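Down below is the structure, laid out as structure tokens.
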Amino acid sequence: MLGKLKPTGLVISVVCIIAATVILCVSAISCAGQKLVFDAEYYFVCYRLTDNAVSASSLSDTVASYGGAGYILNYDNRYYVTVSCYYTEGDAQSVCDSLKKRELDCIVLNAQTPDYRLKSRYARSNAQLYLGNLNTLNSLSVLAYDCANALDTGKYDQSKAKSVVTSIENGLNGLLKTNPSNCFTEVLINLLAECEDKESGYLHSKDMRYLQIAITDCIISVQLF
């Protein structure tokens, strides 16, 4: 259960009981063999939006200083500076409304997984692998989300939180071994670099939200070839 934001500046504090996060995803490969179906929705609480990466970069630092993720999401040719990400519209809107009461200009962006076209014979022959990748990445995003919430509530200490980062890193390494040279390889390497960065220094909930959004960004933006 999501709680209200604590009035500690604009730091995000999600009060909830962490048990299990359930995301309903429909996944399949079309009979025609030209399309992979993986249906999921993500709701991003965003601090404004801009038309260029330079403006987004400057706003990113502002959001991070408030306790938000500060991840810059390039979606539908627009740049969104994200505060956090949720799996239901109600959760996202509740947080957005609380931030607006604190005069933070924010919106909720509903991002759906795209129509994944298998653009080559190689992609079509690896359709099952790609479907497995998307499912695994989705699960890893939930791990990061739950960890961020647990850090906010004090349920997780630094040791427990960093063990979650290690688990996510292990999952990404497993994916990299089965995707050594394809459309997922570069993004997996980048996500692993994010994990390594999170393992050093003090881990805040905003760091896990950043990692969560980086993973979901991969899911909604990857091109299957």
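The values are calculated or read from the model by the stated rules, or taken from the named source; none is laboratory data. As the structure is a prediction and not an experimental result, all values here were calculated from the model. Reconstructed Cβ throughout: ideal geometry from the backbone, glycine too, with neighbour counts over all protein chains shown. Ligands, DNA and RNA are excluded from the accessible area calculation, which covers all protein heavy atoms including side chains. Shrake-Rupley method; radii C 1.70, N 1.55, O 1.52, S 1.80 Å.
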For this session: Scan around Ser84 for amide H atoms under 5 Å from its own, H built in the peptide plane at 1.01 Å from N, and keep only partners 5 or more places away or cross-chain.
Result: Val45, Ala69
Problem set entry | Size of electric dipole in region 80-225: Cβ of Lys, Arg +1 and of Asp, Glu -1, about Cα centre, debye, nearest 20 | 420
Exercise. Per-residue HN-Hα couplings for region 90-99, Karplus 6.51 cos²θ - 1.76 cosθ + 1.60 at θ = phi - 60°, whole Hz, x for Gly and Pro?
Worked result: x, 4, 5, 5, 4, 5, 4, 4, 5, 5
Problem set entry | Residues with amide H under 5 Å from that of Tyr75, placed H, sequence gap 5 or more | Tyr80
For this session: Take peptides 117-123, 211-217, 107-113 and line them up by average Cβ neighbours within 10 Å, highest first, as a rough protection proxy.
Result: 211-217, 107-113, 117-123
For this session: Just read off the accessible area of Arg78 with the full protein assembly in place, 1.4 Å probe, to the nearest 10 Å².
Result: 80
Problem set entry | Order by protection proxy (mean Cβ within 10 Å, highest first), peptides 34-45, 55-66 | 34-45, 55-66
Seminar exercise, completed: Rounded to the nearest 0.05, FRET efficiency between Asp157 and Gln128 (Cβ-Cβ, R0 35 Å) equals 0.35
For this session: Using only C-alpha positions, report the orientation-averaged shadow area of the convex hull of region 63-122, nm², one decimal.
Result: 5.6
Problem set entry | Three semi-axes of the equivalent ellipsoid, region 71-225, Cα gyration tensor, whole Å, largest first | 28, 21, 12
For this session: Could you pull out every residue, at least 5 positions away or on a different chain, whose amide H is within less than 5 Å of the one on Val37? Hs are placed 1.01 Å off N in the peptide plane, and Pro or chain starts have none.
Result: Ala28, Ile29, Ser30
